[in-house]
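Note sheet for the following structure.
The values are calculated or read from the model by the stated rules, or taken from the named source; none is laboratory data. Owing to the predicted nature of the structure, the values given are computational and were not obtained by experimental measurement. Here the Cβ is made from the backbone with ideal geometry for all residues, glycine too, and neighbour counts use every protein chain on show.
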Amino acid sequence: MIYQIDETHNSRLTSWVASANPPETDFPIQNLPFGVFTRAGSSEAPRVGVAIGDQILDLAACMGAGLLTGEAAECCAAPALNSLLALGSEAWTALRRQISDLLRADSPAYQADPHLGERLLIPQEQATMLLPTQVGDYIDGYASKYHATNVGSLYRPDNPLLPNYTYVPIAYHGRASSLVPSGTTIRRPMGQTRPKADEPPVFGPCAQLDYEAEVGMLVGPGNPLGEPIPIAQAERHIFGLCLVNDWSARDIQRWEYQPLGPFLAKSFATSVSPWVVTLAALAPFRVAAFARSEGDPAPLPYLSDADDQAHGGVALTVEVWLRTEKMRVAGMAPHRLSRGSLADLYWTPAQQVTHYASNGSNLRPGDLLASGTVSGPTPDARGCLLELTWGGRDPLTLPNGETRRFLEDGDEVIMRAYCEREGYARIGLGECVGMIASAG
Ligand code: CA
């Protein structure tokens, strides 16, 4: 592990930002996730901030006030995290330590000026959050064997899990231009489908719109073209994690995906959560890599590393919640559809990074590598409706009696993720939210 548990993870640390101290917050002082924000309705330039309780610490303002110094702090006036991500883990760690020291309840800067927050904080409810990085390339993986087996069973009952699965961290290149920040309304896509196998295909609004609950990795320094990333170095190239909703048009997908894989069924929109929780913050929540079942092959040597096998997993809980238009009008809270864990993925983050660069392909700072749907072994851990309703065969019943096979117009999908461990502060990724609008 490149990040050790240190003073920044100490559960006894509290902040002078009072909203960061209740145990249920996603953003205590032990977390310190990075994002890009501007003040809603203002013409202020977007810049880098850190979530603390229900506030944002304006890092550019901190630098301007001389409270943060160094090359990493200088990157925080930028409208995206890319230049910070290019610096690498030592610079990130030094910046994390400075921010932790600044936000501590006993911070000398706060002791000297109890009105510090008026200059350095803006309430999250007054901010507009942007995509955290300018994403040059976006890769979507398929790292849950449970998801791959369930989807395979639906699409290819005779041949659910293809023989390459246990050897290759399967992925495809997604579309970076249609990545959108959490909160963006998602228009139901149009597309070509073939609802009846004995009739010609038709073009019209997607009738089987779905979400996929995924976790995104944001790439740090990356690799020059032609120079692969050895697995022992892979985590140096991961800045942190966010939530990703890979909206999926299942009827379009089923008709178009062979032989070249996902295309228009996925490229209409992908939602990304605003806060990037660093691998450093996740240090207390690392677990062993997925335990392969007997009969599965060991990873090939380039994907095998003793440290990664011992600590390469992340015990991050991922939840999906749904609120329909009727629920919203009635003032009902969202209903939880599933709860899975990133630790149930067959491939570790390091194995994915190493595989994606193994042919010499260059990963670049700010690239987004999504995990693939985070599904676990039990039915309540299935991270998309395709699996939860078994292709629409078994509709879900919601608390108000409504049923769902796939998403309807006005449905709001809310993803949340968090880590909990005895003796450590709970940390969260916040939310990734999107609501479905009609095809027009
Ligand atoms: Ca996906």
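Just to be sure I understand, how many residues within the range 131-151 are among the small types (Gly, Ala, Ser) and away from the ligand (no atom under 14 Å from the Cβ)?
1
What residue, of Gly366, Gly392, is surrounded by 24 or more Cβ atoms within 10 Å (Cβ to Cβ) and either away from the ligand (no atom under 16 Å from the Cβ) or without any contact (Cβ under 8 Å) to a residue 24 or more places away in the chain (or both)? Steps first, answer last, please.
Working: Gly392 fails: surrounded by 24 or more Cβ atoms within 10 Å (Cβ to Cβ).
Answer to the selection: Gly366.
Within the range 369-389, take every residue that is within 30 Å of Gly222 (Cα to Cα) and outside any loop (DSSP other than H, G, I, E, B) and give me the one that is farthest from the ligand (Cβ to nearest atom).
Result: Leu369.
Any chance the range 145-165 includes a residue that's under 18 Å from the mean Cα position of the chain (by Cα), crowded, with 21+ Cβ neighbours inside 10 Å, under 28 Å from Ile414 (Cβ atoms) and not acidic (Asp, Glu)?
Within the range 145-165 (the criterion being under 18 Å from the mean Cα position of the chain (by Cα), crowded, with 21+ Cβ neighbours inside 10 Å, under 28 Å from Ile414 (Cβ atoms) and not acidic (Asp, Glu)), the answer is yes, since at least one residue qualifies.
What number goes with the only condition from (1) away from the ligand (no atom under 14 Å from the Cβ); (2) within 17 Å of the chain's Cα centre (by Cα); (3) among the hydrophobic types (A, V, I, L, M, F, W, C) that Val168 does not pass?
Against the list (1) away from the ligand (no atom under 14 Å from the Cβ); (2) within 17 Å of the chain's Cα centre (by Cα); (3) among the hydrophobic types (A, V, I, L, M, F, W, C), Val168 comes up short only on (2).
Return yes or no: is Leu84 in a loop (DSSP other than H, G, I, E, B) and in contact (Cβ under 8 Å) with a residue 40 or more places away in the chain?
Considered against the rule, which asks whether it is in a loop (DSSP other than H, G, I, E, B) and in contact (Cβ under 8 Å) with a residue 40 or more places away in the chain, Leu84 comes out as no.
Could you go through the range 330-349 and let me know if any residue there is more than 16 Å from the ligand (Cβ to nearest atom), free of Cβ contacts under 8 Å to residues at least 12 places away in the same chain, of a type outside the set (Gly, Ala, Ser) and over 17 Å from Ser273 (Cβ atoms).
Within the range 330-349, not a single residue is more than 16 Å from the ligand (Cβ to nearest atom), free of Cβ contacts under 8 Å to residues at least 12 places away in the same chain, of a type outside the set (Gly, Ala, Ser) and over 17 Å from Ser273 (Cβ atoms).
Counting residues that are within 24 Å of Met217 (Cβ to Cβ) and modelled with pLDDT of 95 or more, which helices (runs of 4 or more DSSP H) fully inside the range 99-172 reach at least 3?
Helices (runs of 4 or more DSSP H) meeting the threshold: 145-155.
Please identify the pairs in which a residue from the range 411-440 that is at positive phi has its Cβ atom under 8 Å from the Cβ atom of a residue that is buried (at least 17 other Cβ atoms within 10 Å of the Cβ) and of a type in the set (Phe, Trp, Tyr), counting only partners at least 6 apart or on another chain.
Gly430/Phe27; Gly430/Trp275
Could you count how many residues in the range 288-330 are touching a strand residue (DSSP E or B) at 6+ places or on another chain (Cβ under 7 Å) and among the polar types (S, T, N, Q)?
1
Can you tell me how many residues within the range 382-404 are under 30 Å from Pro195 (Cβ atoms) and in contact with a strand residue (DSSP E or B) (Cβ under 8 Å, 6 or more places away or on another chain)?
Going through the range 382-404 one residue at a time, the tally reaches 13.
With Arg382, Arg421 as the choices, which residue is at pLDDT 95 or above, under 18 Å from the mean Cα position of the chain (by Cα) and basic (Lys, Arg)? Please lay out each step first, then the result.
Details: Arg421 fails: under 18 Å from the mean Cα position of the chain (by Cα).
Just one listed residue meets the conditions, Arg382.
Restricting attention to the range 239-256, which residues are touching a residue at least 60 places away in the same chain (Cβ under 8 Å) and among the polar types (S, T, N, Q)?
Answer for the range 239-256, where residues must be touching a residue at least 60 places away in the same chain (Cβ under 8 Å) and among the polar types (S, T, N, Q): Asn245, Ser248.
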